[in-house]
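Quick notes on the structure that follows.
Values in this text are rule-based calculations from the coordinates and carry no lab data. Remember, predicted model here, so these are calculated numbers, not experimental data. Using ideal geometry, Cβ is built from the backbone for each residue, glycine included, and neighbour counts are taken over all protein chains shown.
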Amino acid sequence: MADRRNGEHAPPTESTVRGVDWYGRELIQESHTRVEFLDVDMSESVTRNTVFTECAFRNVSFSQSIHANTAFLNCTFTACQFFEAEFTGCKLTGSMFDRCTFSLLTASGGDWSFVGLPGADLRGTKFAGLRMREVDLTFARCQKTVFRDVDLSGAWLSKADFTSADLRGSDISSLDPLTTTISRAIVDSSQATVLATALGVQVVPG
């Protein structure tokens, strides 16, 4: 599994939930700390006001799961599936994703700051109205991904591909158009000025 950004390793787990069927299960106001979830089916599960702290999820299916006001703090996700998963008002700060699939994932509100998504295939996913400060999106595939009103300040975006992505309303001050692909990306006028400035172009009123 890839190391976390800056070489920080995932914390050790203290217990394991292995091979159980949590399909459609509801987890309401639960708390799990340093648990390894291995080969668990959480498809169509619902979590609400639940907290996972320093947990490891390996080969876990979150397909069509729904998460509201749930926290995954400093967790590690390895080879997990997030097909049509929905996150609303969730906090994922410090979590790391490695070799996961995200087809049609949607996330709105909440805090995904310091999340590691290096090389992730995020094509067709949607992020709206949330914080993703200092998120690691190096080499990420973000073609046609929606980032609307997202705080991407301090994000690591080198070699990421935002072709045809919708970036309107987002903080893209960390985006270097010389090292990040932004062909046909949709931006607003203020973002266009930011990009022009990054290219050394002076924008003056017409």
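Given a 10 angstrom Cα cut-off, can you work out which residue in Asp149, Asp176, Asp21 is the most mobile in a GNM of the chain?
Highest fluctuation of the listed residues: Asp21.
For each of Leu178, Leu157, count neighbouring Cβ atoms within 10 Å of the residue's Cβ, then give the residues from fewest to most.
By the 10 Å Cβ count, ascending: Leu178, Leu157.
Using alpha carbon centroids, what distance separates segment 159-202 and segment 78-123, in Å?
The distance from the Cα centre of segment 159-202 to that of segment 78-123 comes to 22 Å.
Which log10 I(q)/I(0) values does the chain give at q = 0.09, 0.17, 0.19 Å⁻¹ under the Debye formula, counting every alpha carbon as one identical point scatterer?
So the normalised log intensities are -0.34, -1.10, -1.34.
Can you list the lysines whose alpha carbon sits under 25 Å from that of Lys159, skipping same-chain ones fewer than 8 residues off?
Partners within reach: Lys126, Lys144.
Which of Glu84, Glu36, Glu14 ends up with the largest GNM mean-square fluctuation for the chain, with Cα atoms connected below 10 Å?
With Cα springs under 10 Å in the chain, the top fluctuation among Glu84, Glu36, Glu14 is at Glu14.
Check Ile186: other-chain or 5+ apart residues with amide H under 5 Å from its amide H, H built from backbone geometry?
Answer set, sorted by chain and number: Ala165, Asp166, Leu167.
If I model a spin label as a point 7 Å beyond the Cα along the Cα-Cβ vector, how far apart are those points for Leu73 and Thr33 in nm?
Result for the modelled spin labels: 0.9 nm.
Apply 1/(1 + (r/R0)^6) to the Cβ-Cβ distance of Asp149 and Ala192, taking R0 = 22 Å, and write down the FRET efficiency to the nearest 0.05.
Step by step, r from the Cβ atoms, then E = 0.85.
Given R₀ = 22 Å, what would the calculated FRET efficiency be for Glu26 paired with Thr88, taking r from the Cβ atoms and rounding to 0.05?
Plugging the Cβ-Cβ distance into 1/(1 + (r/R0)^6) gives 0.90.
Treating the angle as unsigned and between 0 and 90°, give the value, to the nearest 10°, between the Cα long axis of helix 189-198 and the longest Cα principal axis of the chain.
Approximately 80 degrees, to the nearest ten.
Provide the three semi-axes, in whole Å and in decreasing order, of the ellipsoid equivalent to segment 11-111 as defined by the square roots of 5 times the Cα gyration tensor eigenvalues.
The answer is 17, 15, 14 Å, longest axis first.
Rounded to the nearest 500, what is the 222 nm mean residue ellipticity of the chain from helices alone, with -39500 (n - 2.57) per DSSP H run of 4+ residues and division by all residues?
-1500 deg cm²/dmol
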